[in-house]
Amino acid sequence: AAKSKTAGVLLYSPSLDSSSTQTLSLLTDLRHALQHGELRLFLQPKLDATSQQVVAAEALVRWQHPQRGLVPPLQFIPFAEQTGFVRQLTLWMFEEAARQWASLQLPGQPVRVAINLSTRDLLDQDFPQRLAGILKQHGLASSGFCLEITESAIMDDPQRAEATLNRLAAQGFKLSIDDFGTGYSSLAYLKRLPVSELKIDKSFVMGMATDESDAKIVRSTIDLAHNLGLSVVAEGVETAAILAQLRALGCDEAQGYFISKPLPAVEFNAWRTRWDTRAPG
Ligand code: C2E
Ligand code: CA
Ligand code: CA
Ligand code: CA
């Protein structure tokens, strides 16, 4: 009994029995959602912490369900990972980002779009080739994109992950380690992998104003990243005070509700224009 529908709320437990009829029905629902345009790509800006310019945007999926409303990713991504459906979802997100990429560019700093990958993508031999195909179809360069991979997705099968990441890096994608500090990543792997960015998990960033250990973890991660020649992004920046603290610590980029919540792609440029022309301070 892994899925329950109560008062229009979806609850999908990550421990679904993949043979159950309920699982099949959710998989059917997800396939239907993909085919009938119910999935939405939202974007959340990443700022250069010093200049406060928008330098990138993270693509985050939502499911606009006809009855249940906007379903957040944590209610279906774990299931999509279990069933392997996430591979189609990743490709859909990349394709959608490629389709919208040009419209997200305003004069000035180009905005790189970051896509979240799953373990399944890293294990799929054809994945790098598929991304190359989508880029070609849209006439875009890989340098316009960043790929975010969690530590745990890499550590699932480090050797295969490394092989895929090497190919993606060779194709010119910027690679970022997501949720840094929450998984069991090995620093030896970190050193070997062709990544150029670390994202400090939001649990540490949100805690840094009140919790001395969180503040120390954030500070050490920024130093570690810089010592390894990587740039560092803090996610979960919810206040001006934390943004200022991060800037003082030399953090390169910031992302969080204080700057903007994830927005539907069509609202992103309007937000960016307001942000760029806002009164300083
Ligand atoms: P994530 O990749 O770590 O994404 C960051 C999450 O933190 C997003 O939640 C974002 O809305 C939220 N967030 C951003 N700023 C703040 C803040 O200041 N405070 C707080 N409390 N939260 C903030 P969201 O969109 O619900 O996504 C949750 C997770 O679902 C993502 O975590 C990612 O693991 C997964 N996910 C979302 N979209 C995709 C996708 O297209 N593909 C895959 N594979 N996973 C996705
Ligand atoms: Ca992410
Ligand atoms: Ca994250
Ligand atoms: Ca996360």
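Quick look at the numbers
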{"item": "Residue count, segment 133-175 (criterion: within 15 Å of ligand 2 (Cβ to nearest atom) and modelled with pLDDT of 95 or more)", "result": "8"}
{"item": "Residues of segment 115-165 that turn out to be in a helix (DSSP H, G or I), over 26 Å from VAL55 (Cα atoms) and acidic (Asp, Glu), as a count", "result": "1"}
{"item": "Pick from segment 102-119, criterion at pLDDT 95 or above and in contact with a strand residue (DSSP E or B) (Cβ under 7 Å, 6 or more places away or on another chain), ranking: surrounded by the fewest Cβ atoms within 10 Å (Cβ to Cβ)", "result": "ARG112"}
{"item": "Number of positions in segment 189-206 that are away from ligand 3 (no atom under 15 Å from the Cβ) and not aliphatic (A, V, I, L, M)", "result": "5"}
{"item": "Cross-chain or 6+ apart pairs with Cβ under 7 Å, segment 187-214 first and under 15 Å from GLU238 (Cα atoms) and of a type in the set (Phe, Trp, Tyr), then at pLDDT below 95 and crowded, with 18+ Cβ neighbours inside 10 Å", "result": "PHE204/GLY181"}
{"item": "Pairs, first within 14 Å of GLU148 (Cβ to Cβ) and within 16 Å of ligand 3 (Cβ to nearest atom) in segment 230-247, second in a helix (DSSP H, G or I) and polar (S, T, N, Q), C-beta under 7 Å, six or more apart", "result": "VAL232/THR221"}
{"item": "Matching residues, segment 169-188, being away from ligand 3 (no atom under 13 Å from the Cβ) and surrounded by fewer than 18 Cβ atoms within 10 Å (Cβ to Cβ)", "result": "ALA170, GLN171, GLY172, TYR184, SER186, LEU187, ALA188"}
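So that you can scan it fast, the table gives a plain yes or no per residue for (1) touching a helix residue (DSSP H, G or I) at 6+ places or on another chain (Cβ under 6 Å); (2) within 16 Å of ligand 3 (Cβ to nearest atom):
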residue: LEU74; (1), (2): no, yes
residue: THR83; (1), (2): yes, no
residue: GLN88; (1), (2): no, no
residue: VAL113; (1), (2): yes, yes
residue: ASN116; (1), (2): no, yes
residue: THR119; (1), (2): yes, yes
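The values are calculated or read from the model by the stated rules, or taken from the named source; none is laboratory data. This structure is a prediction, so every number in the text was calculated from the model and none was measured. Here the Cβ is made from the backbone with ideal geometry for all residues, glycine too, and neighbour counts use every protein chain on show.
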